[in-house]
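Working notes, structure below.
Each reported figure results from applying straightforward, stated rules to the coordinates on display, with no laboratory input. What you are looking at is a predicted structure, and each value in this text was computed from that prediction instead of being measured. Please note: Cβ atoms are built from the backbone with ideal geometry, for glycine as well, and neighbour counts cover all protein chains shown.
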Amino acid sequence: MDIIYLRDLKIECIIGIFEWERRIKQTVVLDLDMGTDIHRAAASDNIEDTLDYKAISKRLAEYVGASQFQLVETLAEKVAEVVLQEFKVPWIRVRVNKRGAVRNAVDVGVIIERGHAA
């Protein structure tokens, strides 16, 4: 299986369990590894034969930007669902980073894998 990846996708959203977090938008950073087969795209050199990572990033910016989850775990799960279902990806690794959430730590977050690698 080949992997198409997307790194450091920054999206503003409401995320968190504290009352003050429910009133402001915070930046989450997404990293995606998406399993696919690039042979057809490599042979045709046509965007229609591969994952359109620009379309994925636009869809996730729209979805995450409108979300209001409390937990990064829930956000990661929902991001995985969107990509798996809407873009027909068989396997995905999602990393959700909530920078600044823990004092004295550069970042904190969650990494999940969903689907089946071929």
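Quick look at the numbers
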quantity	calculated
On Cα atoms only, tilt of 53-66 relative to the major axis of the chain in degrees	30 degrees
Selected from Thr74, Ile3, Val108, residue furthest toward positive end of dipole (the chain; charges at beta carbon)	Val108
For the stretch 57-118, the spread of Cα positions along each principal axis, largest first, Å	39, 27, 18
Dipole-positive endmost among Phe18, Ala117, Gly35 within the chain (Cβ charges, Cα centre)	Phe18
Share of pairwise Cα separations in the stretch 2-115, more than 19 Å, in percent	45 percent
Gain on full stretching of the segment that runs from Ile47 to Ala105 - 0.36 nm per residue minus C-alpha separation	16.9 nm
Value at 222 nm in deg cm²/dmol, rounded to 500, when DSSP H runs of n ≥ 4 in the chain each add -39,500 (n - 2.57)	-9000 deg cm²/dmol
Dipole magnitude of the chain about its Cα centre (Cβ charges: Lys, Arg +1; Asp, Glu -1), debye to nearest 20	520 debye
